[in-house]
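S.K.: Pasting in a structure now, in structure tokens, and then I'll have a few things to ask.
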Amino acid sequence: MDAPDLPHAVAGWRTWTVSTGPGGTRLLAPVTRALWPPGEARTAWCRYGRHDAPAVSCRCGLYAVADLTRLTRQVTRGSVVGVAALWGRVVEAEHGWRGEHGYPVVLFAEPALPERTRTRLAARYGVPVHCLPAPLEALVRGDREAVSALAARVRDETARAPGSVAPHRELAVADLLARIHGPECRSA
């Protein structure tokens, strides 16, 4: 069975690590350390090279989850959480999706990530980068208030995103993001 080409993008949660090395401020996949290039779609490939990614019978593809709390193990110091749009061939998985192409729609960072870094990410990727009033760990642990506020922000950002990213019915963005409208974030 082949993965279907969807007529619209699906939106799901994922994490990235932030690299501030000689190549500039960039987003990297937390597990593979693969670059998500600024200003262009990240395209998945199968490391076994036997088929186009993603394939139903393989684990290849760009990952995003429907439930923010599924990211607990991926959140580390220096990571950001956000919503990615996935399109092209998309495989629905147990907890979300694996897509052929992807790009971040909105990013959320902890106060510990310097404001200069957040500003550079926003400029390079052309997406909003919001500062969270609480650590990411609280968010992915399922702190109801933090998750609710973040859901409201993501809902608002995805509604304004270019290219009409249509959140998947199971993303439940409205339920996730109503509680992070805390005080403005300032870097120490």
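S.K.: Could you check residue 70 against (1) in a helix (DSSP H, G or I); (2) open to solvent by less than 10 Å² (accessible area, probe 1.4 Å) and say which number it fails?
M.R.: Among (1) in a helix (DSSP H, G or I); (2) open to solvent by less than 10 Å² (accessible area, probe 1.4 Å), the lone unmet condition for residue 70 is (2).
S.K.: Just to be sure before I move on: is residue 61 more than 16 Å from residue 136 (Cβ to Cβ) and buried (at least 17 other Cβ atoms within 10 Å of the Cβ) in the structure I sent?
M.R.: Answer is yes for this residue.
S.K.: For segment 1-29, what are the residues that are at pLDDT below 90, surrounded by 17 or more Cβ atoms within 10 Å (Cβ to Cβ) and in a loop (DSSP other than H, G, I, E, B)?
M.R.: 3, 6, 9
The values are calculated or read from the model by the stated rules, or taken from the named source; none is laboratory data. The structure displayed is predicted, hence computed values, not measured ones. In this analysis, Cβ positions are derived from the backbone assuming ideal geometry, glycine residues included, and neighbour counts consider all displayed protein chains. SASA here: full protein model, heavy atoms, side chains in, ligands and nucleic acids out. Shrake-Rupley method; radii C 1.70, N 1.55, O 1.52, S 1.80 Å.
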